[in-house]
Amino acid sequence: MAIETAAGALDPIAAVALVGALGVGSQWLAWKLRMPAIVLMLAAGLVVGPVLGVFDPARDIGQFYLPLISIAVAIILFEGGLTLNFHTLRDAAEGVKRLVFIGAPLGWLLSALALRFGAGLSWESSAVFGGIMIVTGPTVIAPLLRSARLARRPGALLQWEAILNDPVGALAAVLALEVVIVLRTAEQVGSALVSLVFGIVVATILGALGGYLLSWAFSRAKVPEFMKVPVLFVMVLAVFAVADSNLHESGLLAVTVMGVVIANANLASFDELRRFKEHATVLLVSGVFILLAASLDFFALTQLTWRSWVFVIVVLSVVRPLTVLVALMFTDLPTREKILVATTGPRGVVLVAVAGLFGERLVALGIEDGALIGPLAFVLVAASVVVHGFTLAPVARLLGVTAAHTPGVILVGGSYWTTGLAETLKDANIPVLVTDPNRGHLRRARELGIDTFFGDILSEGAEVRIELNGYKIVVAATDNDAYNTLVATDLGPEFGRENVYQLAREKAATKRHALPSTLGGRRFADEATYNDLNRLMWKGWTFRVTRLSEEYTLKDWRDRRPEAKLLAHIDTSGEIHFVSGEKEIVSGPGVRLVSMLPPEEDEHAA
């Protein structure tokens, strides 16, 4: 099959492959360069689309282009709903309610005013587009939160606001459009409002019912394990389609409600469902942003004037801050957290997708400046993504609302060895937390001023009380090999399997006790076990942090300390990396080695 047709259009299969390669490639490159992924995805879409003309979604994918985006947005919002467990709202509930019930209407009003007097749009277009601008984009917020490592409460505020306000903004635009249609076509206002309210009620009931039915079926084994994810996908599509056929854009509300219901149903298989949905969402977010950027019409952008940029500046610097600060007024939230939320409001997929559709409907009603809504939406999304993508992390650090300036280490298990390691890491300015369900095991760590958590690291209490975003590495080091394996396996997907370690198991060498590679974490400390390391401590071994230089290299260190156990190294940026061997160390001047030394070598340490 030819890759390109005679007219220069890509084959549909090649087009889909290109979208996937660009989207996932952009995310990988952003991770490698520590840049906001959304910025690179927008850039990639613009290059292959309007700049080079290699890819045109409407031409190369055809009539399925817009339906695919709608379905992708629905699945993204459903996955967002799956993250909204009510226990994460404990200290942010009041702020979220205010951002939704006060911030959304106020944001609608201020956005409409900015459109009318800033961009110069008519009142009809301003009212419709102002409703859409309520959304802040969960597709953008999620990757930004991962990279910024925010403290739990401001992160929860931004996440809940983005996901809840996405369907609210779409429905606000529907309401405004219905009013415009009534005024333009002399329809009955009452009947239009009744249909709107009926559509919202139906969408809410459908979402809640779908979530309840799935939760009931999954918890009572009415669906086999291997079919749970397919059934979940089909139910999401069905609920979205039925709700959307009754009232356009109400499907977004339905799938969001459905996700929230499932998230709070305490399903045993919830983690597997959520992780699969997260993987699907990464692909969908990548694809949608590439498609939207590639479909941009530069000619439409030429219709924008200098007033459009005034509008963008006003939205980012006035509308968003004023909306949030007024909504959160008189709450107990610290001022620095209010400022962070007020200065963070990137727009995303839903804004562009819905704006283009509603702009076409306004033009069909005879409102000519409705054609400017699509280009304005894209400019606003691009500007907000670039600005907030590059400023969120620095502003958070400046305000002191990050979980930690340097990614830290969680040591699971309070023992003589973990306490000694924690003390050494703390002295090296590495954030460290020791956890154990036995309070007595934490006594020495508390006496040394080390942060501790009394409880199970896998418990809901740990998720609520520990700022997990502040930690990068988990070391499972209890005296229970089975529990260490459970901790490493469970936390692997969240922290990354390359960042989860456990002590070697006592009987791992025997075939009867050997485990598959899918279970447990990485080994380190020369495959030492719990008993091995604590026995060394009782023999007088100590921890040591050694700085390398031009004159003192890794080879020099090993020659002088042949018996030392190398545990980790701290790079020049202050970030720690545990190692399972010396080959993993990128040595150089300024790199610090964390090791255990026998008494005779420690006495002669430089």
| message | Can you go through ALA482, ALA462 and tell me which one is part of a helix (DSSP H, G or I), touching a helix residue (DSSP H, G or I) at 6+ places or on another chain (Cβ under 9 Å) and under 19 Å from GLY521 (Cβ atoms)? | response | ALA462
| field | Filter result (exposed (fewer than 14 other Cβ atoms within 10 Å of the Cβ) and among the polar types (S, T, N, Q)) within region 535-552 | value | SER549
| Would you pick out the residues in region 189-244 that are of a type in the set (Asp, Glu) and closer than 22 Å to ASN264 by Cα? | GLU225
| What number of residues within region 553-597 are surrounded by fewer than 18 Cβ atoms within 10 Å (Cβ to Cβ), more than 33 Å from the chain's Cα centre (by Cα) and in contact (Cβ under 8 Å) with a residue 40 or more places away in the chain? | 3
| Any chance PHE378 is open to solvent by less than 10 Å² (accessible area, probe 1.4 Å) and assigned to a helix (DSSP H, G or I) | no
| task | Test LEU442 against the criterion of being under 23 Å from GLY574 (Cα atoms), part of a helix (DSSP H, G or I), at pLDDT 90 or above and out of contact with any Pro (no Cβ under 7 Å at 6 or more places or on another chain), and give yes or no. | result | no
| field | Residues satisfying the stated conditions in region 376-414, i.e. more than 19 Å from the chain's Cα centre (by Cα) and aliphatic (A, V, I, L, M) | value | LEU376, ALA377, VAL379, LEU380, ALA383, LEU398, LEU399, VAL409, ILE410, LEU411, VAL412
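The values are calculated or read from the model by the stated rules, or taken from the named source; none is laboratory data. Computed from a predicted model, the values in this text were never measured in an experiment. Positions of Cβ are generated from backbone atoms using ideal geometry, with glycine treated the same way; all protein chains shown enter the neighbour counts. The accessibility values were calculated without ligands, DNA or RNA, using every heavy atom of the protein model including side chains. Shrake-Rupley method; radii C 1.70, N 1.55, O 1.52, S 1.80 Å.
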